[in-house]
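The values are calculated or read from the model by the stated rules, or taken from the named source; none is laboratory data. Only a predicted model underlies this, so the values are computations on that prediction, with no experimental measurement involved. Virtual Cβ from ideal backbone geometry, glycine too; neighbours counted across all protein chains shown.
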Amino acid sequence: MRVRSVLYMLTVLYLLVGYNGLKTVTFEQLYNKDLNKVSKIEIRSGSTGELKSITDKTIINKFLVKVKNVKLIPDKDQREMKGYKYRVTLYDSESQTFEFTSTEFNGHYYQPDHDILKVIKTIFNETL
């Protein structure tokens, strides 16, 4: 009987604290819009504040092809985090459609993904 009570309490605690309801998704699923309509990408460095704006469709497509299938695994810790390495903003014409960092998408935190960070860093460093 006592074991049952402990298991019940642990299950309730897990549901209240440990389960955040988020699932593993791809970048494309999170974006949930037509990636072909992205007309501009802005990338801001979190360490220097430098902002780079990319409107070259070839570079935009290269970036999106590399990140669209990246799997994003929800972080168990959803407490607000401060700072970022890069913040990326996507635009359709002049309308902002999506903003994210390498760990935060749509207000939720995901485990750091080195593939997406590498792509962001490469595009940022290659852009004048």
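Here residue 107 clears all of (1) touching a residue at least 24 places away in the same chain (Cβ under 8 Å); (2) within 24 Å of residue 22 (Cα to Cα) except the condition numbered (1). Identification of strands (runs of 3 or more DSSP E) wholly contained in the stretch 18-96 with 3 or more residues that are within 14 Å of the chain's Cα centre (by Cα) and either modelled with pLDDT of 95 or more or of a type outside the set (Phe, Trp, Tyr) (or both) yields 86-92. For residue 117, the conditions (1) part of a helix (DSSP H, G or I); (2) touching a residue at least 40 places away in the same chain (Cβ under 8 Å) all hold with the exception of (2). For the stretch 37-86, a residue qualifies if it is of a type in the set (Val, Ile, Thr) and in contact (Cβ under 8 Å) with a residue 12 or more places away in the chain, and the qualifying residues are 38, 41, 43, 54, 55, 59, 60, 67, 70, 73.
Looking only at the stretch 64-97, which residues are touching a helix residue (DSSP H, G or I) at 6+ places or on another chain (Cβ under 9 Å) and acidic (Asp, Glu)? Answer for the stretch 64-97, where residues must be touching a helix residue (DSSP H, G or I) at 6+ places or on another chain (Cβ under 9 Å) and acidic (Asp, Glu): just 92.
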